[in-house]
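J.: For reference, the structure I am asking about is given below.
Rule-based calculations on the coordinates, nothing more; no lab input. Since the model is a prediction, treat every value here as computed from it, not as a measurement. Cβ coordinates were reconstructed from backbone atoms using ideal geometry, including for glycine residues, and neighbour counts include every protein chain displayed.
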Amino acid sequence: MNARTIATNLLDYNKWRQIQNQLLTNLVSLTSPPSPSQPASLMPHHILTDEDAFTIKHASTGKCLGTGTSSDLSLTSCDADNGSNLWKWGSGHRLFHVATSLCLALDVRNKALALVDCGSNILLWWRCLDGAVYTVYEMGLVVSDGKVVAKRDTLDNWLRGGTQDNICQRPYHVVHSTGGSSAGAPCEFPFKYNDSWYHGCLPDADFPGLSWCATTSDYDQDRKMGHCLIPGM
């Protein structure tokens, strides 16, 4: 083998190594989680707003479950454009309040309803029976003296605003993911990131046009994420 052949082969080998290194760099960048220093305050709380959010309307009064001037639960005029009236189903049958990024809970000890941190140990799951919305011990949402409380054997009906359907007919929306650090696990909504709760995919500052989600309830702790597979995006 002469010197020219050796030089040509060496050049081809170096080009191949450069291509291989670039491919590895791209692969690592695609599977890296978003920067933890990215400020959560600059991100929208959700992308999947139109399809996922709904109002919870009390059939008898025509009012909607939401919050007033404070974060306390109350009945207000129904307005689908007002975030204080909007809810989403979360994993584990949780009801996520869009405006406050808190979850509806029942404190069994004093039978009090409240909006609490979505990672709280207080009872957070809710289900439907016909038009009733209830939790453990058949404690259901009831309007009593103009206030929303929890009582047993309720006959109060709650509807998804603008329809005659109960709110469980708008189920939790499963979003699958790809890449990242979760091997294609589905998104977990809501999830905690930078000490705030999010119910929806967030834009990835490192990859314009892509959005990401956590695949466990606490990204700050578990660092598990993936890029959202959302049709049309």
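J.: Tell me which residues come under 5 Å, amide H to amide H, from residue 194 once H is placed; ignore anything under 5 positions away on its chain.
T.: The answer is 220.
J.: Given a cut-off of under 8 Å on Cα pairs at least six residues apart, what relative contact order in percent is computed for the stretch 174-233?
T.: Dividing the mean separation by the residue count of the stretch 174-233 yields 40 percent.
J.: Please work out the C-alpha center-to-center distance from the stretch 65-107 to the stretch 189-216 and express it in whole Å.
T.: Cα centroid to Cα centroid, the span is 21 Å.
J.: Let me ask something additional. Counting other beta carbons within 10 Å of each Cβ, put 173, 199 in order, fewest first.
T.: Ordered from fewest to most neighbouring Cβ atoms within 10 Å, 173, 199 come out as 173, 199.
J.: Listing 81, 72 from the residue with the fewest other Cβ atoms within 10 Å to the one with the most, what is the order?
T.: Fewest-to-most ranking of 81, 72: 81, 72.
J.: Each label point is 7 Å from the Cα along the Cα-to-Cβ direction; what then is the distance between the points at residue 153 and residue 169, in nm?
T.: 2.8 nm
J.: When N counts the residues of the stretch 53-169, how does its alpha-carbon radius of gyration compare numerically with 2.2 N^0.38 Å, as a ratio?
T.: Against the empirical 2.2 N^0.38 Å value, I get 0.94 for the stretch 53-169.
J.: Still on this structure: Under the rule of at least 5 residues apart or a separate chain, name every residue whose amide H is placed under 5 Å from the amide H of residue 200.
T.: For residue 200, the qualifying residues are 191.
J.: Can you give me the Kirkwood hydrodynamic radius for the stretch 174-233, using every pair of distinct Cα atoms, in Å to one decimal?
T.: Averaging 1/r across every pair of different Cα atoms and inverting gives 11.1 Å.
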